[in-house]
Amino acid sequence: MAIIVNLDVMLAKRKMQSKELAEAVGITLANLSILKTGKAKAVRFSTLEAICKVLDCQPGDILEFKND
Amino acid sequence: MKRNKLLIKFCIGILTFARLASVIGVIVMIFIVLTSKSDDYLTMEVHRDHLNETIQGGELLPKPEYEHLIAETKLVSVTNNFEVAFENYLRLPVLVIVTVFMGFSIYVIHLLLQFVKSALSEDFFSYQNVTRIRLMGLILIGLGMFSSIFDIWINWISRSFFEADMMETATVKVNFTPDVLTNTLFIGLIALIVAQAFDYGLKLKEEQELTI
């Protein structure tokens, strides 16, 4: 996949657990896992905004484009 | 909701019965053809729908107010078809063809039953059901084409084996019943379109589910 989700890297940097992030963002742990494993087809702006707010980062820190 | 489930269960009951009856029918047919020595089981009916034969004694009078609209009424026999019995050596190939035809028909009933059954569970919108509908559509198209070829073959036999003037069409028959609803070929095509719509809907659902 061309879009890489670096959520686990950001979580490690912030020393935060997935469960905590899921609760803070307001999504289920299962959905967060889908996002982390790159299985998600799309991300809502509202979800991205909430993640950025909780992790105190930019969308570019979470999402990365790699040419296959 | 409860009424819907009851309706689905009723459909499941009917389809299960139809499947069982078809299987028993095929087994009985094979048994009769293989064990019976009679020639009567390999016959073909040649239709004479447009036969100009008036049955004596029948009369249909129009009401006086509609008399000016009706030119003539005639009671015409349409049941005077020929039954042609074939030689015995053709029995086995025809039995194989009919058994295969029936086998596919039973498989369509089976697929439909599985499809209806899945409506009771939560996995109704699944790729398995898309495959089922597609298979049903393809088999129905195949059966429809085979049936049409069979009709052409019977028509060819009736025209080339026998005196042609006995089969001549005397009139043009206009039928207002749409063939689209009864022809297996069209039902198959509709099933394929439904499968395509199902497939597209499933992709949309998957996309929706995987949007975080």
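The values are calculated or read from the model by the stated rules, or taken from the named source; none is laboratory data. Note that this is a predicted model, so its numbers are computed, not measured. Virtual Cβ from ideal backbone geometry, glycine too; neighbours counted across all protein chains shown. Only protein heavy atoms, including side chains, enter the accessible area calculation; ligands, DNA and RNA are left aside. Shrake-Rupley method; radii C 1.70, N 1.55, O 1.52, S 1.80 Å.
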Charge sum, other residues only, whose C-beta stays under 13 Å from residue B:127's C-beta, Lys/Arg counted +1 and Asp/Glu -1:
+1
Using a 1.4 Å probe on protein heavy atoms, which residues of segment A:44-67 have at least 30 Å² less accessible area in the complex than alone?
A:44
What's the average, rounded to a whole number, of partner chain beta-carbon atoms within 10 Å of each residue's beta-carbon in B:204-212?
5
Percent of accessible area on segment A:2-66 owned by carbon and sulfur, 1.4 Å probe?
55 percent
When B and A pair up, the total accessible heavy-atom area removed from solvent (1.4 Å probe), in Å² to nearest 100, is 800 Å²
